[in-house]
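Note sheet for the following structure.
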Amino acid sequence: MPKKRILVTGGAGFIGSNFCNTHGDAYDVVALDNLFLGDSSHLRPAVTFVQGDATDRTTLESLGTFDTIVHFAGTSSAPMFTEDIVQGYRNSILSYIEVLEFAKRTGVKKVLFASTSSLYGNTPPPLTEAQQPLPTNHYSVTKIAMEHIGECYQRMHPSMDIIGFRFMSVYGPHEEHKGIYANLISQFVWGMMRGEKPVVYGDGMQTRDFTNVMDVVQGITRAMEHPSPLGYQIFNIGTGTSTNLLEIVRAINAALGTSIQPNHIENPVKETYIRSQLADISKIRNMLGFKPSVSLEAGIRVLVEQSQNPVKLSHDRRAQANAIPGY
Ligand SMILES: NC(=O)c1ccc[n+]([C@@H]2O[C@H](COP(=O)([O-])OP(=O)(O)OC[C@H]3O[C@@H](n4cnc5c(N)ncnc54)[C@H](O)[C@@H]3O)[C@@H](O)[C@H]2O)c1
């Protein structure tokens with residue numbers, strides 16, 4: 001039997017490359033990426049890499065037909081919208097609609113897409129999918145729009161499953177290309193490996209539901225491989241536990257065998273800063289059997305080991321960025 005085909009847009013990015021590499025043997029995986037940020041050197045040879053833009057219909061048509069599309073492409077964090085807001089909206093919304101139209105035209109049965117937990121803003125945790133989103137940035141607004149667009153598509157085309165995932169704070173290998181847009185854990189690890197003090201906004205008691213990228217892959221995979229139709233769904237993916245930044249610094253020190261103290265600075269992000277994040281993961285646990293499997297300590301150890309032997313990137317676009325990290 002031929003292998004099932006999966007198209008992964010943004011497949012050379014952080015989460016996309018981890019997803020593609022996990023499934024490169026069992027499935028025929030095509031990673032489409034315009035290399036705006038991502039880097040094809042993250043990908044194993046088992047994955048077919050195509051450099052191209054998900055907003056471009058001709059490119060999508062040239063890729064053939066697929067059983068499933070996993071859509072990660074887009075302008076992938078809030079501070080990136082401060083550089084060019086129009087391009088941020090255009091890229092994120094247009095790529096998503098082109099992908100949905102491509103899926104509709106070619107009879108794709110399942111489209112899975114990346115939403116975000118940042119649409120919860122400062123809603124009191126634990127964060128449940130039923131809560132009213134309170135976006136504090138334009139990045140989150142694109143994801144709310146994508147959720148509505150997906151719901152409308154699914155209602156109009158009921159044979160297609162459309163499933164969005166609100167990832168919490170994702171960390172893990174293959175994030176070097178994101179530079180200052182990378183997760184705080186990655187940035188702390190890279191800096192502390194150079195002997196630098198991690199910059200902590202305020203007292204360091206703010207919390208995040210830090211989720212290892214392999215658990216994100218697990219959650220999406222469970223939806224992808226679910227045997228019966230799911231219709232339109234939104235799922236949180238997190239661990240259901242939260243950790244403050246001082247604990248993160250301690251855990252990285254333990255993995256590195258160092259005792260570097262944080263450098264506390266006044267928070268430059270001000271009123272839109274998220275103080276606490278904690279996912280309610282009962283929906284994905286009950287419907288798909290999701291169970292977080294990577295402890296923070298183990299995940300940080302793997303990240304440290306990988307950062308000691310980083311992949312050689314083919315470009316370093318983010319080195320020019322001068323936005324404030326939003327973490
Ligand atoms: N990393 C997180 O903590 C997190 C949390 C919530 C949601 N998300 C979402 O998950 C998805 C993946 O995020 P990531 O952290 O891997 O970011 P990333 O920037 O590493 O990945 C996005 C990839 O998409 C590519 N891309 C962008 N526009 C494209 C286009 N028009 N056509 C083809 N490729 C394009 C980029 O080059 C990049 O490789 C994004 O949609 C992001 O918004 C990420």
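The values are calculated or read from the model by the stated rules, or taken from the named source; none is laboratory data. In this text, all values refer to a predicted model and were calculated from it rather than measured experimentally. All Cβ positions, even for glycine, are placed from backbone atoms using ideal geometry, and neighbour counts span all protein chains on display. The area values use the complete protein model at the heavy-atom level, side chains included, leaving out ligands, DNA and RNA. Shrake-Rupley method; radii C 1.70, N 1.55, O 1.52, S 1.80 Å.
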How would you rank 168-177, 289-298, highest first, on the average number of other Cβ atoms within 10 Å across their residues? 168-177, 289-298
Using a Gaussian network model of the chain with C-alpha springs under 10 Å, which one of N286, N212, N253 is most mobile by mean-square fluctuation? N286
What order do S314, S140 take when sorted by accessible area (1.4 Å probe), most exposed first? S314, S140
Determine, from the Cβ-Cβ distance of V302 and R90 and an R0 of 30 Å, the FRET efficiency 1/(1 + (r/R0)^6), rounded to the nearest 0.05. 0.25
With all protein chains in place and a 1.4 Å probe, K109 shows an accessible area in Å² (nearest 10) of 130
Once you have the Cα-Cα distance between D203 and K291, take 0.36 nm times their residue separation minus that, and quote the gain in nm to one decimal. 28.5 nm
With a cut-off of 8 Å between alpha carbons and a minimum separation of six or more residues, what is the relative contact order of the chain in percent? 19
Can you give me the Cα centroid spacing of the range 177-230 and the range 7-60 in angstrom? 20
For each pair in K143/K291; K3/K143; K197/K312; K109/K312, compute the distance between the two Cα atoms and list the pairs where it is over 27 Å. K3/K143; K109/K312
As a percent rounded to 5, the proportion of antiparallel DSSP bridges among beta bridges in the chain is 5
So how much slack lies between M156 and S259, counting 0.36 nm per residue of separation and subtracting their Cα-Cα distance, in nm? 31.4 nm
Whole-number D in µm²/s for the range 5-320 (Stokes-Einstein; Kirkwood sum over Cα pairs; 4 °C, 1.567 mPa s): 65
If one compares the long axis through the Cα atoms of helix 184-193 with the longest principal axis of the Cα atoms of the chain, the angle in degrees, nearest 10, works out at 50
Take the Cα gyration tensor of the range 95-172, multiply each eigenvalue by 5, square-root it, and list the three semi-axes largest first, rounded to whole angstrom. 25, 12, 12
Please determine, in degrees from 0 to 90 and to the nearest 10, the orientation of helix 296-308 with respect to the longest principal axis defined by the Cα atoms of the chain, where the helix direction is its Cα long axis. 90
According to a simple spin-label model (label point 7 Å from Cα along Cα-to-Cβ), what is the distance in nm between T82 and T106? 3.8
Can you tally the net charge around T116? Count Lys and Arg as +1, Asp and Glu as -1, for every other residue whose Cβ sits under 15 Å from the Cβ of T116. +1
Under a 10 Å cutoff between Cα atoms, tell me which one of A223, A145, A182 has the largest fluctuation in the Gaussian network model of the chain. A145
Sum up the charges of everything whose Cβ sits under 12 Å from the Cβ of A279, counting Lys and Arg as +1 and Asp and Glu as -1, but leave A279 out. 0
Measure off 7 Å from each Cα along the Cα-to-Cβ vector at L134 and K4, then give the distance between these two points in nanometres to one decimal. 3.9
Would you be so kind as to identify which of G64, L230, L278 lies farthest towards the positive end of the dipole of the chain, taking Lys and Arg as +1 and Asp and Glu as -1 on Cβ and the Cα centre as origin? L230
Taking only DSSP H segments of four or more residues, each worth -39500 (n - 2.57), what value at 222 nm results for the chain once the sum is divided by all its residues, to the nearest 500 deg cm²/dmol? -10500 deg cm²/dmol
When only the heavy atoms of the protein chains count and the probe is 1.4 Å, how do L94, L35 rank by accessible area, highest first? L94, L35
Between helix 85-106 and the chain: long-axis angle, C-alpha atoms, 0 to 90°, nearest 10: 30
Would you mind giving the three semi-axes, in whole Å and largest first, of the ellipsoid equivalent to the range 149-261 according to its Cα gyration tensor? 36, 13, 13
Which value in nm describes the separation of the simple spin-label points at L230 and L313, placed 7 Å from the Cα toward the beta carbon? 3.1
Gyration tensor verdict on the range 201-290 (Cα atoms; rounded if a/c is under 1.5, prolate if a/b is larger than b/c, oblate otherwise): prolate
Looking only at A73, A251, A12, which one moves most when the chain is put into a Gaussian network model with springs between Cα atoms under 10 Å? A251
